[in-house]
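Asker: First the structure, then my questions, so here it is.
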Amino acid sequence: SKDTKEARAGADEGDPVVRNEFGGVFVDEEELRAAFDFFDVNKKGTLTPADLKQRLGVFYKNLPAREYKFLISEPDFNFNTLKKLLVNNELRDFDPVKEAFKVYDPHDTGFVDLEVLRSIFSNLGFGEVTAEDISVLIETADVDGDGKISLSDFRKMVSLSKDAEKDLDTLTSSLSVVK
């Protein structure tokens with residue numbers, strides 16, 4: 001979208017995080033929709049603490065119930081509620097990709113822990129993750145070729161997946177025009 005391009009163009013070279021007009025983390029509406037849909041497991045258009053727990057529990061095993069209730073404090077927590085909460089945020093010292101990476105690197109080694117990766121994929125319903133699957137994941141995500149997935153690799157992978165998704169959307173819409 002136009003706003004996304006403007007925000008990305010306004011990103012500081014030293015800061016890998018795209019910022020909004022308030023200096024907070026820029027929130028792209030498409031990304032927000034994808035996040036909401038990820039948590040809306042039953043596709044009912046509203047989120048409950050139980051929905052959050054079902055998804056976040058995969059990543060944060062020891063998060064207390066009161067935290068889920070704090071995060072979803074409104075009875076009709078829908079997409080617009082989430083958008084109002086996040087769009088004009090002022091989170092200046094927050095890097096969402098770095099925070100997400102910490103889930104995969106719980107021992108702070110600077111690299112994705114492969115057992116954690118295996119566990120997350122399995123708990124998200126992808127079944128057993130084989131050594132071959134792990135090799136493919138590493139090969140795909142390891143941008144610098146050192147055989148491991150660092151924060152830098154992870155950041156590039158997230159960025160590339162957004163670009164690939166846009167390319168796929170463009171291709172799909174082009175194909176539907178051809179039909």
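Asker: Test N123 against the criterion of being in a helix (DSSP H, G or I) and modelled with pLDDT of 90 or more, and give yes or no.
Answerer: When the stated conditions are applied, N123 does not pass them.
Asker: May I pose another question? Tell me, yes or no, whether the range 142-153 has at least one residue that is at pLDDT below 90, outside any loop (DSSP other than H, G, I, E, B) and within 28 Å of Q54 (Cβ to Cβ).
Answerer: No, there is no match, as no residue in the range 142-153 is at pLDDT below 90, outside any loop (DSSP other than H, G, I, E, B) and within 28 Å of Q54 (Cβ to Cβ).
Asker: Quickly run through the range 54-95 and pick out the residues that are touching a Gly at 6+ places or on another chain (Cβ under 6 Å) and among the hydrophobic types (A, V, I, L, M, F, W, C).
Answerer: Of everything in the range 54-95, just one residue is touching a Gly at 6+ places or on another chain (Cβ under 6 Å) and among the hydrophobic types (A, V, I, L, M, F, W, C), namely L91.
Asker: Let me ask you something else. Report the residue count in the range 140-160 for those that are of a type in the set (G, A, S) and either in contact (Cβ under 8 Å) with a residue 60 or more places away in the chain or closer than 13 Å to L117 by Cβ (or both).
Answerer: Within the range 140-160, residues that are of a type in the set (G, A, S) and either in contact (Cβ under 8 Å) with a residue 60 or more places away in the chain or closer than 13 Å to L117 by Cβ (or both) number 1.
Asker: Could you grab me the full set of residues in the range 47-82 that are open to solvent by less than 60 Å² (accessible area, probe 1.4 Å), touching a helix residue (DSSP H, G or I) at 6+ places or on another chain (Cβ under 9 Å), farther than 22 Å from E29 by Cβ and in a loop (DSSP other than H, G, I, E, B)?
Answerer: Result: T48, L63.
Asker: L117 - would you say it is open to solvent by 50 Å² or more (accessible area, probe 1.4 Å) and not aromatic (F, W, Y)?
Answerer: It is false that L117 is open to solvent by 50 Å² or more (accessible area, probe 1.4 Å) and not aromatic (F, W, Y).
Asker: Suppose we keep only residues that are basic (K, R) and outside any helix (DSSP H, G or I) within the range 30-46. Which one would you say is nearest to the chain's Cα centre (by Cα)?
Answerer: Across the range 30-46, the extreme among qualifying residues is K43.
Asker: Please indicate, with yes or no, whether at least one residue in the range 83-95 is open to solvent by less than 70 Å² (accessible area, probe 1.4 Å), closer than 28 Å to D15 by Cα and among the hydrophobic types (A, V, I, L, M, F, W, C).
Answerer: Checking the range 83-95: at least one residue is open to solvent by less than 70 Å² (accessible area, probe 1.4 Å), closer than 28 Å to D15 by Cα and among the hydrophobic types (A, V, I, L, M, F, W, C).
The values are calculated or read from the model by the stated rules, or taken from the named source; none is laboratory data. Fair warning: this is a prediction, and the values are worked out from it, not measured in the lab. Neighbour counts run over all protein chains shown; Cβ positions are idealised from the backbone, glycine included. Just so you know, the surface numbers come from the protein's heavy atoms only, side chains and all, with ligands and any DNA or RNA stripped out. Shrake-Rupley method; radii C 1.70, N 1.55, O 1.52, S 1.80 Å.
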